[in-house]
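Below you'll find the structure, written out as structure tokens, and then a few comments.
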């Protein structure tokens, strides 16, 4: 069986487009934020429809393992659902943006390949700001540089844990979007047999709250949101984005972002 893929992302760092790029049946499939590490199982409606064609009932699995069977969801995923999945798809993975339970993943998939994703904090802040302002995205608590930086720094510390404890590949959003050969580096690392970039844009196309993103990027990986903060006309917003950047020095050093 191909290595299990774990995309360890922070908010708005290109995790969805990377997940889609690595999803192409029958070669591979990435679940978007299934939350298995937190003892839950979530999936998108379109995922259930896809696998139902193969006789795999994701809804039934979720129903069977929800509620009072705490602590066993990811084990059941591995022992019950994975054998069904890999009979139709060569490689399975997940994308998460919350990593409190990442060690549960590696406990059950010790040879999994971890892809860390990062992005300039100024662009993350501005992207989050417009998502929250438009009502198309959520953020816990008051939205401001301090809370955004705290949220990102908390998950970044878990990225550091992964980097120290196991083999990872660091993927900057800017590199993914501007270097046409970068995807080959990613597929080599995860041992993917995918012959081309996968179903990019499929999530946005079906999500009413992401139609603006689909209109902007379509079915391609583009550089249209790289260094977004340079083009932002709201100077107060740029200042807030810069403050977020200043509150994340360890992150910026790790990922190579400079003022």
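Throughout, read-outs are computed from the coordinates displayed, never taken from laboratory work. Everything quoted here is computed from the prediction, not taken from an experiment. When we count neighbours, we look across all protein chains shown, and the Cβ atoms used for this are built from the backbone with ideal geometry, even at glycine.
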Original post:
Any idea what the relative contact order of region 5-255 is, in percent, if you count C-alpha pairs under 8 Å spaced at least 6 apart?
Top reply: 29
Original post:
Any idea how far apart residue 254 and residue 86 come out in nm if each label point goes 7 Å out from Cα toward Cβ?
Top reply: 2.9
Original post:
In nm, to one decimal, how far is the residue 100 label point from the residue 246 one, both placed 7 Å along Cα→Cβ?
Top reply: 3.1
Original post:
If packing is taken as the mean number of other Cβ atoms within 10 Å per residue, what is the order of 122-135, 172-185, highest first?
Top reply: 122-135, 172-185
Original post:
Over region 5-255, what is the percentage of antiparallel beta bridges among all DSSP beta bridges, to the nearest 5?
Top reply: 5
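Taking 0.36 nm per residue of separation and subtracting the Cα-Cα distance, what length does fully extending residue 220 through residue 160 add?
18.6 nm
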**OP:** Mind ranking 234-240, 79-85 by how tightly packed they are, going by the mean number of other C-beta atoms within 10 angstrom, highest first?
**Re:** 79-85, 234-240
Subject >> Rounded FRET efficiency, nearest 0.05, which uses the C-beta distance separating residue 107 from residue 180 and R0 of 41 Å >> reply: 0.65
**OP:** Mind checking the full-extension length gain between residue 79 and residue 57? Use 0.36 nm per residue of separation minus the Cα-Cα distance, one decimal, nm.
**Re:** 6.4 nm
**OP:** For an R0 of 25 angstrom, estimate the FRET efficiency from the Cβ-Cβ distance between residue 25 and residue 191 and round to the nearest 0.05.
**Re:** 0.90
Subject >> Near-label residues of region 225-246 by backbone N, under 18 Å of a point 7 Å along Cα→Cβ of residue 144 >> reply: 236-246
Original post:
Which peptide among 146-152, 113-119, 31-37 comes first, and what is the full order, when sorted by highest mean count of other Cβ atoms within 10 Å?
Top reply: 113-119, 31-37, 146-152
